[in-house]
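Comments concern the structure below.
The values are calculated or read from the model by the stated rules, or taken from the named source; none is laboratory data. Note that the structure is predicted; figures quoted are calculated from it, not measured. Because the Cβ atoms are built from the backbone with ideal geometry, glycine has one as well, and the counts that use them run over all protein chains shown.
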Amino acid sequence: MRVVSGIQPTGNLHLGNYLGAIRNWVRMQDELEDGQECFFFLADLHAISMPHDPAELKSGTLEMAAALVACGIDPARSTLFNQAQVPAHAELQWLLNGTARMGWLNRMTQFKDKSGKNREGASAALFTYPVLQAADVLLYQATHVPVGEDQKQHLELARDIAAKFNHDFAPHDADGNEAPVFTLPEPINPPQAARIMSLRDGSKKMSKSDVSEMSRIELVDDADTVMKKVKKAKTDPEPLPSELGGLADRPEALNLVTIYAALADTTPEGVLADFGGEGFGKFKPALGELMVETLKPISGRLNDLLDDREALDAILARGAARAREAAAPTLSAAYEALGLLRP
Ligand code: TRP
């Protein structure tokens, strides 16, 4: 079993990022058995498919790497790196561009969503983004790729590209059996990605770009800030119900209960069983304390790492060296299969 997954780098990481993707990665790493491996990378090459600020990309990549380590990705156990330090990603993408069909890429909904009304003005990178994503996983012979709903179509495409490449170009052994160049990766559902909303508006996702800092708990926030933000979170005057149905049209209350459940590793129903009938005067301090307890070690490690650029560079350099080594045989096999002469 080899798990491979990527995440686009951003800065200002918050509780939503942690309880969404990041904690799932940590759990997958922690659940692996001997002989199984995780490759986790920052998809910095994907980030240039949309208009971007170079300084922000650089600081976002470093911050995301630091956050992953602070949250529990152990660079000794998992291979943690950024794509740009492993040229094989860009190389294999080009090789796979010969196999991916225009018709397949034309059907990708993410391109349609992200290019919107301005298809003519979208970058070519945005169009071929899913081919780079295929290269990301095929390069390492990934067997399992944890992806959310929105990325399922891209993984399906990676399988189509791998199958067509194997069919068209894979060498055959002495008995005439195909010796596949690529493994077809299976999608896996991440254990549980909680959807965390803004503390100021329960209908909007918690976001790094919200103008109000009070809308999000950042991973670098200290205990006092966390407590203050939770106490000021928007709510309503009603006490908590004892059944989930009672939160149907109370999005802010539902969000706080969802956050509590995710942090305590229980269900919203479980939280309501404990707090049903209580007002926010009692629930908010309990939530704040739980949050501080979870985030304190994370923010401590994160701030330390952000202050130690050399340590962070070394972690990424080591991860990239391991990734380059793991990628080399597959990249060579792909060049060879295509009839490309190499030293
Ligand atoms: N496109 C993914 C996203 O935006 C990130 C990503 C890039 C990825 N390469 C990947 C995810 C390979 C899984 C496997 O979420």
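What the table below lists for this structure:
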read-out: Whichever residue in region 161-175 is assigned to a loop (DSSP other than H, G, I, E, B) and over 17 Å from Leu95 (Cβ atoms) and, among such residues, is nearest to the ligand (Cβ to nearest atom); value: Asp173
read-out: Members of region 135-151 found to be over 12 Å from Cys38 (Cα atoms), at pLDDT 95 or above and either hydrophobic (A, V, I, L, M, F, W, C) or out of contact with any helix residue (DSSP H, G or I) (no Cβ under 8 Å at 6 or more places or on another chain) (or both), listed by number; value: Ala135, Leu138, Leu139
read-out: Some residue of region 174-192 being among the small types (Gly, Ala, Ser) and buried (at least 18 other Cβ atoms within 10 Å of the Cβ); value: no
read-out: Any chance Thr99 is in contact (Cβ under 8 Å) with a residue 12 or more places away in the chain and assigned to a loop (DSSP other than H, G, I, E, B); value: yes
read-out: Matching residues, region 71-95, being in contact (Cβ under 8 Å) with a residue 24 or more places away in the chain and in a helix (DSSP H, G or I); value: Cys71, Gln83, Ala84, Gln85, Ala88, His89, Ala90, Glu91, Leu92, Gln93, Leu95
read-out: Which listed residue is within 14 Å of the ligand (Cβ to nearest atom) and under 26 Å from Glu37 (Cβ atoms), from Ala179, Ala125, Ala158; value: Ala158
read-out: Residue within region 62-69 that is of a type in the set (D, E, K, R), modelled with pLDDT of 95 or more and over 16 Å from the mean Cα position of the chain (by Cα) present; value: no
read-out: Residue match in region 221-240 (condition: in contact (Cβ under 8 Å) with a residue 60 or more places away in the chain and either assigned by TED's automatic domain parsing to the domain that holds Asp150 or in contact with a Ser or Thr (Cβ under 6 Å, 6 or more places away or on another chain) (or both)); value: no
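Here is a yes/no grid of residues against (1) of a type outside the set (Asp, Glu); (2) over 18 Å from the mean Cα position of the chain (by Cα); (3) assigned to a loop (DSSP other than H, G, I, E, B):
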site: Pro187; (1), (2), (3): yes, no, no
site: Ala194; (1), (2), (3): yes, no, yes
site: Gly202; (1), (2), (3): yes, yes, yes
site: Ser207; (1), (2), (3): yes, no, yes
site: Asp210; (1), (2), (3): no, yes, yes
site: Asp224; (1), (2), (3): no, yes, no
site: Thr235; (1), (2), (3): yes, yes, yes
